[in-house]
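Below is one structure, written out as structure tokens; comments come after it.
Nothing in this text is a laboratory measurement; each read-out follows from the coordinates by a stated rule. Small disclaimer: the values here were computed from a predicted structure and weren't measured. Methodologically, a virtual Cβ is constructed for each residue, glycine included, from the backbone with ideal geometry; neighbour enumeration extends over all protein chains shown.
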Amino acid sequence: MAAKRPHVTRESTENMYDPKDVEERWQAFWKQNRTNEPSLSQAADPFFNLMMFPYPSAEGLHVGNLYAFTGADVYGRFQRLRGHDVFQPVGFDAFGIHSENFALKVGIHPMDLIPANIMNFTRQLKRSGIMYDWTHTVDTTDPEYYRWTQWIFLQLYKAGLAEKKEAAVNWCPSCKTVLANEQVISGRCERCHSAVGQKTLSQWFFKITQYSQRLLDNLEWIDWSETTRMAQRNWIGRSEGATLRFQVAEGSEEAVSVFTTRPDTVYGATFLVLAPEHPLVYRFVPESHRATVDEYLAATAELDLVERKKTDKEKSGVFTGGSAVNPATGESVPVWIADYVLMEYGTGAIMAVPAHDQRDFEFARAYDLPIRPVVAPAGSVDQGSDSADLSVPAIDAAFVEHSADEVLINSGPFSGRAATEAGEAIVESLAERDLGEPSVNYRLHDWCISRQRYWGSPIPVVYCDECGIVPVPESDLPVVLPRLEQFKPSDDGIAPLAKSAEFYRVECPECGVEARRETDVSDTFLDSAWYFLRYPSTDVSDRAMDADRTRRWLPVDMYIGGEEHAVLHLLYSRFITMALSDLGYVDFEEPYKKFRKHGLLIRDGSKMSKSRGNVVIPDQYIGSHGADTFRAYLMFLGPYTVGGDFRDQGISGPHRFLHKVWDAVHSCVEAAAGAGDGGGRELDEDIERKLHQTIKQITEDFAELSFNTGVAALMEYLNAIRAQGRTPLRPEVEPLVIMLAPVAPHLCEQLWEVLGGQPSLFDEAVWPEYDASKLVADSVRIPVQVNGKLRGTVQVSRGASADTVRDAAMAEEGVRRHLEGVEVRKTIHVQDRLLNLVVG
RNA sequence: GCGAAAGUGGCGGAAUCGGUAGACGCGCCAGCCUUAGGAGCUGGUGGCCUUUGGCCGUGGGGGUUCGAGUCCCCCCUUUCGCACCA
């Protein structure tokens, strides 16, 4: 039996790693010493590390929340160890339909439920060791918070950015409230997935569309995940084209405007289609057609958005009986109504060019309307001629190409010109007769913020018969949400607060006559659109934001959150910030310097859900393994920005690792005490190189949120220390403790102290720097290939010449065998990397 | 339909200015230590074969190259956005 290698493991059982003890001790220390509370008014090197605040559900903290927070926390602690003053607050996004529905279900009032949930969340978060500054939290349901949400509404109102208007809005029949466009996913409510209908109601809108172009332009330079920027770009949906006017009769003042991206095809516009909701619909309907039109409009009104927006259904529509004038040809074209034209996009009316638009083509086929080709495929007609035949070709689809190669036909003076260039010329000529102009259209809509629900911030407005809409004076804020015992939403679109005379009866702030409060509450997304602005100023009671602190801490340095908010929260908060910037309240227009999305956790290969019964309860694992192990496992199980698969068995790897780190540090200190030195002897060259390589790797990995490879590198480094087969030395383990600290903060605080450091490590320790000259060895082992296949390796000194390497390679048995009887025709040598011998 | 990302051992995943594929971890196997072990330690672990050696191998098929997981073309699959957007 070979001699046993000395174990790094310690024999003694005192000083066993007990996560529970260690974690409780350091959590108490942090609290007592205010370790996680940077000086908001004086910090020299501020770094605002923000994570999306949770909705405090009754089920408690979900492992998905904790995954997100842990990654953000590792990043924040890393920045702190690198010398920044890190402000890392947390709060609760506690208003909203979700809480309200849950409260209705269990019969507990949200005003009782939410504080209990928040307490529970707070307890769970504190256990997990996240570096929150608990002295600066927000709770969106606290009147001291939503007072400023209401204040923001007033600022936008005064600036003309909030407007009450009657509009066809999305109505969720199950949540019994209107929804913003962003909350309708494929025709369904994002909350409850019911098919959304449409209602015409008077609602408050924020004019986010006024910011469309700026919101789009800034996407070019903000440092965000590319996929998120893409999602916003798509959502804003800019398209360039022209607005053209089809007069109701030759020379009439009255006209139907259409938006088109293909003005080059206007000569092929053989009919006009209005959305069923278009205000001019009845302008075209003679008595003879009234009945059929009525019938069609009634039928479409019945459809919910899921039905209405099905793209695979047959096109349906009805002839109005009227006609309008094609501005290019001067021809009279029939006006139709069809539900494939949407009131919410463009002008709610289109010029139909069946030959060159697939939808128009299908509609024309269904109703036997004329199809006139005006764009010829490249090469099919001679440039400059107009010889194409006017009969409809036997095509079964619209021809939609339009590059510089396609040529216009049947287009009067524009025939024979390239499609792209002719389009601009046509618009120009129509503009001369005031029948059109170039225009840009956006998909983005104004943000409907009214909600006919109870659990939200009241919209601070009063309606007076004398004065009209009167904003609540700022000095009267907050408009407090009263405790209503009956707060069920109703089908009629009337908000629960409308049943409380005590709430809505009010004197007009301007003239003093009896008036009525707005009884709708605002969208939860308004609460969350500005919460990060409040964090540094939570202890300031006379304004939303303290100017000095805002300047010091904002914009946010790093924001980490889920991609699901790519077009909701992230777009709204950009808009609110931009508006506040224009109003002079902040001096930046983009709220987040950097945004990174994290991935999603799945469990054993499938999505976590209550119905599958595979939801991970963090408490259970923190209880059994400790928060540090749980954190390390979450960070290790996959790439943070992609997500990963949570498997119970996997947690033991990081658990063992932390135990080994504990043992290594203790045995180092014990041995050093026994030897009477500090354990601070010189490192071997190999381990020193490994250390510097590790520092480089971890520093780069943590900076780009690659926590899984970072943790792996720490494990590898510890393996290298242990493989030396002797008691670890202080210069080996000390950097390990510092670099592991972001991941396992409690453990490392303890070990830092064991090493003789002054707590807190996060105040005292300095993130190690690597020495580039120590990254590589003097001698390197490089692979030798013959015809690209690996045949051996050789050890040569760094920088060795091709000849030296080849000589060494020739001495290798495995290489020589493959060179027998053949001629080396070519030698590829990449210095310090590889030698490839090409033989014939 | 459009757009984006991704397909690597039994599993989670490393490695993409082209240069020793499978780091790290789980699991598994063997040994040690133990009254015992679901603890700990040591070693091994992509597949196949005629096993001091060799062949194959990163979804499939082509290509470029001395050399391809990585670059190019085609195809398949999955996931996620958007979706009658005029």
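From most to least packed by mean Cβ count within 10 Å, the peptides A:423-433, A:262-272, A:529-539, A:741-751 give A:741-751, A:262-272, A:529-539, A:423-433. This ranking places A:Leu740, A:Leu40, A:Leu583 by how few other beta-carbon atoms lie within 10 Å of each, fewest first, which gives A:Leu583, A:Leu40, A:Leu740.
Centre-to-centre separation between the Cα atoms of region A:22-60 and those of region A:442-463: 33 Å. Equivalent ellipsoid of region A:726-785: semi-axes from √(5λ) of the C-alpha gyration tensor, largest first, are 31, 13, 11 Å. With the charge dipole of region A:25-102 set up from +1 on Lys and Arg Cβ and -1 on Asp and Glu Cβ about the Cα centre, the Cα lying farthest toward the positive end among the listed residues A:Trp26, A:Tyr75, A:Phe87 is that of A:Trp26. Using a/c under 1.5 as the rounded threshold, could you call region A:147-287 rounded, prolate or oblate? The axes a ≥ b ≥ c are square roots of the C-alpha gyration tensor eigenvalues, and prolate needs a/b larger than b/c, oblate otherwise. Because a/c hits 1.5 or more and a/b exceeds b/c, region A:147-287 counts as prolate.
Of the residues A:Val642, A:Val184, A:Val839, the one with the fewest other Cβ atoms within 10 Å heads the list, and the complete ranking is A:Val642, A:Val839, A:Val184. Taken over region A:626-686, the percentage of Cα pairs per 5 Å bin, counting from 0 up to the bin with the maximum distance, is 4, 16, 17, 15, 12, 10, 12, 8, 4, 1. About its Cα centre, chain A has a charge dipole of approximately 2620 debye under the convention of +1 per Lys or Arg Cβ and -1 per Asp or Glu Cβ, with nothing else charged. Inverting the pair-averaged 1/r between distinct Cα atoms of region A:1-143 gives 17.8 Å as its Kirkwood hydrodynamic radius. Here the peptides A:341-351, A:791-801, A:401-411 are ranked by packing, the mean other Cβ count within 10 Å, and the order with the highest first is A:341-351, A:401-411, A:791-801. When the Cα gyration tensor is reduced to axis lengths a ≥ b ≥ c, the ratio a/c is 1.5 or higher for region A:303-342, and with a/b above b/c it is classed as prolate. With N the number of residues in region A:545-668, Rg(Cα) / (2.2 N^0.38 Å) evaluates to 1.48. Put in line by how crowded their Cβ is, counting other Cβ atoms within 10 Å and starting with the fewest, A:Lys176, A:Lys774, A:Lys310 read A:Lys310, A:Lys774, A:Lys176. Expressed to the nearest 5 percent, the antiparallel share of DSSP beta bridges inside chain A is 75 percent. Mean silhouette area of chain A, derived from the convex hull of its C-alpha atoms and averaged over all directions, reads 50.1 nm².
Our coupling estimate for region A:171-177, obtained by passing each phi through the Karplus curve with A = 6.51, B = -1.76, C = 1.60 and θ = phi - 60°, is 10, 8, x, 8, 7, 6, 8 Hz, Gly and Pro reported as x. Computed from Cα atoms alone, the Kirkwood hydrodynamic radius reported for region A:220-323 is 17.1 Å.
Placing R0 at 45 angstrom, the Cβ-Cβ distance between A:Val540 and A:Ala249 gives a FRET efficiency of 0.10 after rounding to 0.05. Working note: Cα atoms of region A:694-840, range along each principal axis, descending, whole Å: 69, 34, 23.
Measuring nothing but how far apart in sequence close Cα pairs (under 8 Å, 6+ apart) lie, relative to its length, region A:194-273 scores a relative contact order of 18 percent.
What value, in deg cm²/dmol to 500, does the helix sum -39500 (n - 2.57) over DSSP H runs of n ≥ 4 give at 222 nm once divided by the residues of chain A?
Value at 222 nm, helices only, nearest 500: -10500 deg cm²/dmol.
Each of A:Gly321, A:Ala398, A:Val661 was scored by the projection of its Cα onto the charge dipole of chain A, and the greatest displacement toward the positive side belongs to A:Val661; charges sit on the C-beta of Lys, Arg, Asp and Glu. In terms of overall dimensions, the C-alpha atoms belonging to region A:29-94 reach 39, 23, 21 Å along their principal axes, ordered largest to smallest.
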